[in-house]
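Novice: Here it is: the structure, laid out below.
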Amino acid sequence: VADALMTLRPFLLLVFVALVFWLAARVLRQSLLGRLGQLGKLLVFVGLVGIYVLTLVFTAMGAAPPWAPFMMVLMGSPLTIIVVVVSVVLFWLVLRELPFPTPHWAGFLLEGPWRGLLMPADAVFNRMALGPGMRVVELGCGTGHLSVGAARRIEPGGILFCVDIQPEMVKKTMARIEKQGLGNTQGHVASAGRLPFDIYDIDLVFVVHVLGEIPDRLAALREAFRVLRPGGVLSISETLIDPHYRFRNDVVKTARQAGFETVSVDGSLFNYTATFRRPAAKGPLEYVPRFAA
Ligand SMILES: C[S@@+](CC[C@H](N)C(=O)[O-])C[C@H]1O[C@@H](n2cnc3c(N)ncnc32)[C@H](O)[C@@H]1O
């Protein structure tokens with residue numbers, strides 16, 4: 001096996017370097033997206049090609065490029081590379097099949113620069129078209145990373161209901177909201193399978209990095225359907241790095257099963273937002289409107 005690995009070494013290194021470059025390109029492109037647009041993509045492309053060409057030049061001159069030690073660490077031995085890659089993939093695959101809420105004590109994982117890099121909050125908000133006066137449910141609010149921004153965007157007149165199954169998470173979100181002096185947000189401890197709303201007049205339910213943590217996803221989406229007004233929007237965002245990531249085909253299939261119409265899927269495999277709409281009612285609505293006499 002060791003001999004075979006050594007023979008395959010150049011090929012494995014090539015694949016590995018290609019993967020690292022591909023990932024770096026995607027991350028950089030996402031982070032620049034919306035700020036530098038096409039220019040950003042061009043800069044990333046020129047930068048990566050530049051590094052590659054400089055590496056070739058240094059090698060041709062018989063010298064090591066300044067980033068060689070970093071490359072050595074990255075490359076290691078083929079066996080190390082295989083063990084690391086296989087472990088990461090296995091961890092990811094296993095967690096995908098084990099839905100459980102991100103523990104509240106691990107809430108720090110939901111913060112930090114990686115968020116801005118992999119899925120900037122503004123990009124998510126723009127994809128869900130939040131606007132003043134909307135009645136919005138944030139399902140699985142976590143530490144409230146997106147709640148403050150969402151609450152601001154629906155001012156004036158809007159109301160945000162932050163729902164999470166863990167009381168500690170709701171507490172963290174509400175502390176954040178209060179710190180910003182926002183008075184248009186309510187926190188609710190509840191499960192996605194039974195939302196605490198009996199009046200069906202929600203304009204938007206948004207779900208970011210949550211769906212894969214819910215054991216019965218179909219029931220959760222049916223519940224979102226129930227609380228949305230006809231024409232109301234369900235927005236689901238996922239990032240590949242999340243071990244509970246759900247593929248877009250799976251998400252679209254479940255949402256359609258729950259009764260939604262697909263509006264759009266924006267983004268890429270790496271990070272995307274799927275938007276659905278509750279169709280207009282075919283018959284009389286079976287609920288009493290909020291302001292009925
Ligand atoms: C990965 S965090 C994402 C938090 C937030 N949406 C964000 O993007 O920062 C997932 C959150 O969903 C919550 N959650 C998981 N399963 C849930 C369920 N069945 N009902 C309600 N909330 C749930 C977890 O408690 C956790 O706070």
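The values are calculated or read from the model by the stated rules, or taken from the named source; none is laboratory data. What you see is a predicted model, and the numbers here were worked out from it, not measured in a lab. Please note: Cβ atoms are built from the backbone with ideal geometry, for glycine as well, and neighbour counts cover all protein chains shown. Side chains included, ligands, DNA and RNA excluded: accessible areas come from the protein's heavy atoms. Shrake-Rupley method; radii C 1.70, N 1.55, O 1.52, S 1.80 Å.
Novice: Between 274, 219, 255, which is under 29 Å from residue 168 (Cα atoms), within 12 Å of the ligand (Cβ to nearest atom) and not polar (S, T, N, Q)?
Specialist: That would be 219, the only listed residue that is under 29 Å from residue 168 (Cα atoms), within 12 Å of the ligand (Cβ to nearest atom) and not polar (S, T, N, Q).
Novice: Among (1) open to solvent by less than 10 Å² (accessible area, probe 1.4 Å); (2) among the β-branched types (Val, Ile, Thr); (3) touching a Phe, Trp or Tyr at 6+ places or on another chain (Cβ under 9 Å), there is one condition residue 85 misses while meeting the rest; what is its number?
Specialist: (1)
Novice: I'd like the full set of residues that are within 15 Å of the ligand (Cβ to nearest atom), in contact with an Asp or Glu (Cβ under 7 Å, 6 or more places away or on another chain) and part of a strand (DSSP E or B), limited to region 120-158.
Specialist: Across region 120-158, the qualifying residue is only 136.
Novice: Going residue by residue through region 272-291, is there one that turns out to be of a type in the set (Val, Ile, Thr), over 21 Å from residue 129 (Cα atoms) and in a helix (DSSP H, G or I)?
Specialist: Among the residues of region 272-291, not one is of a type in the set (Val, Ile, Thr), over 21 Å from residue 129 (Cα atoms) and in a helix (DSSP H, G or I), which makes the answer no.
Novice: Being touching a Gly at 6+ places or on another chain (Cβ under 6 Å), open to solvent by less than 80 Å² (accessible area, probe 1.4 Å) and more than 23 Å from residue 270 (Cβ to Cβ) is the requirement here; does residue 133 meet it?
Specialist: In short, yes.
Novice: Cβ-Cβ distance below 8 Å, separation of 6 or more or different chains: which pairs start in region 165-179 with a residue that is in contact (Cβ under 8 Å) with a residue 40 or more places away in the chain and end on one that is among the aliphatic types (A, V, I, L, M)?
Specialist: Close Cβ pairs satisfying both conditions: 165/189; 165/190; 165/192; 166/189.
For (1) at pLDDT 85 or above; (2) over 30 Å from residue 222 (Cα atoms), each residue gets a yes or a no:
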residue	(1), (2)
82	no, yes
95	no, no
141	yes, no
159	yes, no
164	yes, no
167	yes, no
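Novice: Another question, then. Output yes when any residue across region 264-278 is at pLDDT 85 or above, surrounded by fewer than 17 Cβ atoms within 10 Å (Cβ to Cβ) and among the aliphatic types (A, V, I, L, M), and no when none is.
Specialist: No, region 264-278 contains no residue that is at pLDDT 85 or above, surrounded by fewer than 17 Cβ atoms within 10 Å (Cβ to Cβ) and among the aliphatic types (A, V, I, L, M).
Novice: Right, another one. Take the residues in region 159-196 that are part of a strand (DSSP E or B) and surrounded by fewer than 21 Cβ atoms within 10 Å (Cβ to Cβ); name whichever of them is nearest to the ligand (Cβ to nearest atom).
Specialist: 191
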